[in-house]
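**Student:** I have a structure I would like to understand better, so I am pasting it below and will then ask my questions one at a time.
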Amino acid sequence: MEYNHIEIEKKWQSYWAENKIFKADNHSDKPKFYILDMFPYPSGAGLHVGHPLGYIASDIYARYMRHKGYNVLHPMGYDAFGLPAEQYAIQTGTHPEVTTIKNINRYREQLDKIGFSFDWDREVRTCDPKYYKWTQWTFLKLFNSWYNNTIDKADKIENLIAEFEIYGNKKVNAATTCERIFSSNEWKAMTEKEKSDILMEYRLAYLAETWVNWCPKLGTVLANDEVKDGLSERGGYPVERRKMNQWILRITAYAQRLLDGLETIDWSDSVKEMQRNWIGRSEGASVIFKVDGHEDLELEVFTTRPDTLWGATFMVIAPEHDYVSLITTPEQKTAVDEYVTYAKNRSERERMSEVRHISGVFTGSYGINPLTGAKIPIWIADYVLAGYGTGAIMAVPAHDSRDFAFARHFNLPIIQVVCGNGDQPSDPSTWEESYDAKEGTMVNSGPINGMTVKQAIRNVIDKIEQMGIGHGKVNYRLRDAIFSRQRYWGEPFPIYYKDGIPYPVSEKDLPIELPEVDAFLPTENGEPPLARAKDWTYKGYPLETNTMPGFAGSSGYYLRYMDPHNDNQYFSRQAVDYWRNVDLYLGGDEHAAGHLIYARVWNKFLCDLGLTSVEEPFQKLINQGKIQGRSSFVYRINGTNKYVSYNLKDQYETTKLYVDINIVKNDELDIEAFRTHNPDNKDAEFILEDGKYICGWEIEKMSKSKYNVQNPDDLVEKYGADTLRLYEMFLGPLEASKPWDTSGIEGVSRFLKKLWRLYHDSNNKFCLSNDKPTPEELKVLHKAIDKVENDIKKFSFNTAVSTFMITVNDLAALNCNKREVLDQLTVLISPYAPHIAEELWSLSGHKGSVEYAPYPIFKEEYTREDTFEYPVSFNGKVRFKINLPVNITAADAQKAVEEAPEAQRWLEGKTIRKFIFVPKRILNVVI
RNA sequence: GCCCGAGUGGCGGAAUAGGUAGACGCGACGGUCUCAAAAACCGUUGAGGUAACUCGUGCCGGUUCGAUUCCGGCCUCGGGUACCA
């Protein structure tokens, strides 16, 4: 036995744990570096090879930064509230906490084997009352805050009340849905309930009615994802849109700051772009249309194109719009009711993805264009969403593609009001598509004819503001975040109800712990599971029975790591002043919009309260890709117990069957294992090709039922943690999604053995030379130092592993086992393969861990070259190579090329039109 | 539908700044060592062609002396789409 990974890894893992090598100190003179992974949800299937991908990358970076002299905070914890444990509880009666803790322990065991440098003393779990105390605490702060637009910050609700007491709300500039203006006397005269209702419209955590997908049979609300064709995915029961009272976070108050903050952080352009689109800022105007025959009704629409008001030929309101029942005429009632029912059964997702299927129905009523006085029909259609803008639009078919398609489908008039630059107005009935560009000149628009689009927008906004029928408005696509879930396994709200009015629980009574229930299902009358709890009260009053969503606990966990054992505060001033924010955050890009928006709002809010030091929680973000499964298949000839190899299967009628990837190696089936694996296969026969049974394969999601889940334990046992770490990095670029395939792992394993053998003789005895390295050896070493450090800075770990392989090959070829080379190589490699690095470091006589050894410094003089082989290309076609000094000038290079024998025959009788010289690159000659 | 990505040999992938396409690894083939095997080591390996050379980075087009890289239009796949985590 040569390189014994089992012994080495066990030895160093216990050394790290016993000596608390990775403990981060809140008091240090060193510069800090906070590197964080998105914490996992501990699922029942255990850790699979996809999880460690990001953790290995962050671990490499954390260890690198320790070598670089930073005080590194690198914690890990668990996002432990979630649906799967609750579903399992519903099915089996096992308390979600039991399942969750069991899964956490399993995760921990698996994580430990891979040799991560986490500071486990700082572990957090979102389901731990000591942790969710602070989630509830933050909720109370949100409940007791409003957004003051004047100071552009969250402000205490007491300040708002004080303002109401003195001036009423007329001078208040807040993020609010409250449209009512009241005086201080009116405020004082209000009942407790009225005051509470008014304040709800200002609070950052508020209670309001929203549309949800309700499944009466299951008694729960469903995600859009869980609704297919109007039926619940689970059970196939009917689902309908229904209004429900829910807790909501007023994150839209932060929309502009979320946009502005993107400029200050180091995230990829694509994620920033996704966030910008998610926030969806659009400038336009809110315009009020009267409804013909309903003098009391004002139908407010938002449009980004107020300039096109003269081209509005109809209006569309969402099927859920409050006015539907008010304006539908008796003749249209049947059709409208039918349509509303139809739309009710479709989730927003379905409605958005089926825009090609145009549907809608006329209400029978007409809106009055406030500028032209024209009467235009009001339709209902599901392409208008209740949740965006005002749920009503003015349709300008000539200049909006969806309106255009709708108008064509229902034969509604189309009026051109914008004419492209240099074009003549034309008959829209001949158009194939609408003219959506915000460029051109106004036509058919009365007083604004001849204006540019830009001028017209300004002009119309001024006009409607003067007339009091609308105003310029910035609209965001971002919606307030619904914060209620009708589930058991989540944080209870610290809210109780007295006379139907919600009140906050006193801070000193936190946490409000999850109660025991007899079942994890909704009650018979559709109340959430917490309604089953005995004595679910506070001071004798009923407590809120909803729980918080998954993102509650994950929105501020990075702050708790800074000071995880503090029972008096979320985190101490000292801790947050020292650690400030996360320097490097790693996680999947599936969180680009959701989690990363919520966490940013959470942090900004705490920053407004003066609790955190920096507005943006995550300075740099890296998204690692997903690891997909690679399923293997065997092909059974129908009606037999005979299996035919992949390339011969077309000659037979076969059935494709999943086969466990653990008995397939490089697509070759282990026939013996196949026979013993399942008694049914004991007598299986095989039709082989070249003496082998070759399996088919497909890239799919990793899942138990596809027999393609690779958990890391088996690989760690077989090849060692260092091999797994290197291999996962070697698999491809960190940010790319890639299928898991173990066929290359041998190569990495060979590399480590080769490294080991470089410093061990044939008897596995450590041998090291104290001689000075030769210039050639130093060149190999320093090329590696240069390349690997550049790769680490670019998070290009796959190429770094390639460099290690090349380096060790080169050193082996030179027979180099010099101490000076080993010591530097050990430090260089230790972030990637820490166990073998520790072992070699200790063998070469060092005391203590390699972890804090200074990182090797690249010296260019060892790698500098005198000459360089320049490829020369004539007209981009003929090529040859020419050896020239590195520091050559363009003129000398041209001369050397002209004189080169290879060039002579190409240059004969021709002149050089262009000579392109790029130092240390190709020389290009155009003749 | 909308938003964000990605498509390069048999496979995973490499290619500072637009400059020798295919580094490194796997697999395959050939060889050394061995009684044999394993391990290890050496060589070949994009396609076509004896060769000079030609063709090749999802498809079509453009810019350029030169495009995997930049621009326009598609196709396919992956992620997100607000209650999966």
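The values are calculated or read from the model by the stated rules, or taken from the named source; none is laboratory data. Just so it is clear, the model here is predicted, and its values are computed rather than measured. Don't worry about glycine lacking a Cβ; one is built from the backbone with ideal geometry, like all the others, and counts go over all protein chains shown. Only protein heavy atoms, including side chains, enter the accessible area calculation; ligands, DNA and RNA are left aside. Shrake-Rupley method; radii C 1.70, N 1.55, O 1.52, S 1.80 Å.
**Student:** Using alpha carbons only, how many angstrom separate the centre of region A:474-522 from the centre of region A:21-60?
**Tutor:** Cα centroid to Cα centroid, the span is 30 Å.
**Student:** Can I ask one more? Taking all protein chains in place and a 1.4 Å probe, what share, in percent, of the accessible surface of chain A do carbon and sulfur account for?
**Tutor:** That fraction is 48 percent.
**Student:** Let me ask something else about it. Taking the Cβ-Cβ separation of A:SER873 and A:GLU527 as r and a Förster radius of 60 Å, what is the calculated FRET efficiency to the nearest 0.05?
**Tutor:** 0.20
**Student:** Within region A:745-784, which residues have the backbone N less than 14 Å from the label spot 7 Å out from A:VAL886 along Cα→beta-carbon, could you tell me?
**Tutor:** Within reach of a label on A:VAL886: A:776, A:779-780, A:782-784.
**Student:** Using a simple spin-label model with points 7 Å from Cα along the Cα→Cβ vector, what separation in nm is obtained for A:LYS243 and A:ASP499?
**Tutor:** Rounded to a tenth, the inter-label distance reads 2.5 nm.
**Student:** Hey, could you get me the Stokes-Einstein D for chain A, Kirkwood radius over alpha-carbon pairs, 10 °C and 1.306 mPa s, rounded to whole µm² s⁻¹?
**Tutor:** My calculation gives 48 µm²/s for D.
**Student:** Just tell me which lysines come within less than 16 Å, Cα to Cα, of A:LYS787; anything on the same chain fewer than 8 places away is out.
**Tutor:** A:LYS779, A:LYS859
**Student:** What does the net charge come to around A:GLY236 if you take all other residues with beta carbon closer than 12 Å to its beta carbon, with K and R at +1 and D and E at -1?
**Tutor:** Net charge in that neighbourhood comes out at 0.
**Student:** Once you list every other residue whose beta carbon is under 11 Å from the beta carbon of A:TYR852, what net charge do they have if Lys and Arg are +1 and Asp and Glu are -1?
**Tutor:** That works out to +3.
**Student:** What distance in nm separates the two pseudo spin-label positions at A:GLN424 and A:ASN815, each 7 Å out from Cα along the beta-carbon direction?
**Tutor:** For the pair A:GLN424/A:ASN815, the computed spacing is 9.1 nm.
**Student:** Now a separate question. Could you report the accessible area of A:THR99 in Å², rounded to 10, computed with a 1.4 Å probe on the protein chains as they sit in the structure?
**Tutor:** 20 Å²
**Student:** A further question follows. Order A:TYR342, A:TYR206, A:TYR147 by their accessible area, 1.4 angstrom probe, all chains in place, largest first.
**Tutor:** Heavy-atom accessible area, descending, gives A:TYR342, A:TYR206, A:TYR147.
**Student:** Write down the percent of antiparallel bridges among all DSSP beta bridges whose residues are both part of chain A, to the nearest 5. List each step's numbers first, then the result.
**Tutor:** Values: 91 of 117 bridges.
Restricted to chain A, the bridges split so that about 80 percent are antiparallel.
**Student:** In nm, what is the difference between 0.36 nm times the number of residues separating A:LEU326 and A:GLU668 and their Cα-Cα distance?
**Tutor:** Values: separation 342, 0.36 × 342 = 123.12 nm, distance 6.96 nm.
That pair, A:LEU326 and A:GLU668, stretches by 116.2 nm at full extension.
**Student:** Okay, moving on. What number comes out for the charge environment of A:GLU653, summing +1 per Lys or Arg and -1 per Asp or Glu over other residues with Cβ under 15 Å away?
**Tutor:** Taking every other residue near A:GLU653 into account, the sum is +3.
**Student:** Probe of 1.4 angstrom, ligands and nucleic acids ignored: what's the accessible area per residue over chain A, in square angstrom?
**Tutor:** Result: 46 Å² per residue.
**Student:** Here's a follow-up. Towards the positive end of the charge dipole of chain A, with charges on Cβ (+1 Lys, Arg; -1 Asp, Glu), say which of A:ALA223, A:VAL505, A:ILE806 has the farthest Cα.
**Tutor:** Result: A:ILE806.
**Student:** Can I ask one more? May I ask for the distance between the Cα centers of region A:552-597 and region A:720-784, given as a whole number of Å?
**Tutor:** 36 Å
**Student:** Still on this model: Compute the Cα gyration tensor for region A:505-640, then decide on rounded, prolate or oblate, letting a ≥ b ≥ c be the square roots of its eigenvalues: rounded whenever a/c is under 1.5, prolate when a/b is larger than b/c in the other cases, and oblate in all that remain.
**Tutor:** oblate
**Student:** Calculate the FRET efficiency for A:GLN455 and A:SER401 from the Cβ-Cβ distance with a Förster distance of 30 Å, rounded to the nearest 0.05. Can you show the working numbers first?
**Tutor:** Numbers: r = 24 Å, r/R0 = 0.80.
The calculated FRET efficiency here is 0.80.
**Student:** Now, a different point. Using r as the Cβ-Cβ distance of A:ASP866 and A:LYS228, and R0 as 56 Å, what FRET efficiency do you calculate, to the nearest 0.05?
**Tutor:** Here the calculated transfer efficiency is 0.20.
**Student:** Longer than 19 Å from Cα to Cα, which of A:LYS620/A:LYS794; A:LYS665/A:LYS692; A:LYS141/A:LYS620; A:LYS754/A:LYS794; A:LYS195/A:LYS508 are they? Say none if no pair is.
**Tutor:** Distance filter (> 19 Å) returns A:LYS141/A:LYS620; A:LYS754/A:LYS794; A:LYS195/A:LYS508.
**Student:** Which loop-located chymotrypsin sites (Phe, Trp or Tyr not before Pro) does region A:897-927 contain, where loop means any DSSP state but H, G, I, E or B and the Cβ has at most 13 other Cβ atoms within 10 Å? Write out the running numbers ahead of the final one.
**Tutor:** Values: sites: A:TRP906, A:PHE915, A:PHE917; in loops: none.
Of the chymotrypsin sites (Phe, Trp or Tyr not before Pro), not one in the loops of region A:897-927 has a Cβ with at most 13 other Cβ atoms within 10 Å.
**Student:** About the Cα centre of region A:395-520, how large is the charge dipole given +1 on each Lys and Arg Cβ and -1 on each Asp and Glu Cβ? Please answer in debye to the nearest 20.
**Tutor:** Taking the Cα centre of region A:395-520 as origin, the dipole is about 340 debye.
**Student:** Given charges of +1 on the Cβ of Lys and Arg and -1 on the Cβ of Asp and Glu, with all other atoms neutral, how large is the dipole of chain A about its Cα centre, in debye to the nearest 20?
**Tutor:** In debye, rounded to 20, chain A gives about 1220.
**Student:** Would you work out if region A:1-71 is rounded, prolate or oblate? Take a ≥ b ≥ c from the square roots of the eigenvalues of the alpha-carbon gyration tensor; rounded if a/c is under 1.5, else prolate when a/b is larger than b/c, oblate otherwise.
**Tutor:** Values: a/c = 1.99, a/b = 1.18, b/c = 1.68.
Judged from the Cα gyration tensor, region A:1-71 comes out oblate (a/c at least 1.5, b/c at or above a/b).
**Student:** Can you pull the one-decimal nm distance between simple spin-label points at A:ASP714 and A:THR341, each 7 Å off the Cα toward Cβ?
**Tutor:** 5.4 nm
**Student:** May I ask for the distance between the Cα centers of region A:83-133 and region A:407-444, given as a whole number of Å?
**Tutor:** 59 Å
**Student:** Residue separation times 0.36 nm, minus the C-alpha to C-alpha distance between A:ILE699 and A:GLU899: what's the value? Walk me through the intermediate numbers first.
**Tutor:** Working: separation 200, 0.36 × 200 = 72.00 nm, distance 5.56 nm.
Here the answer is 66.4 nm.
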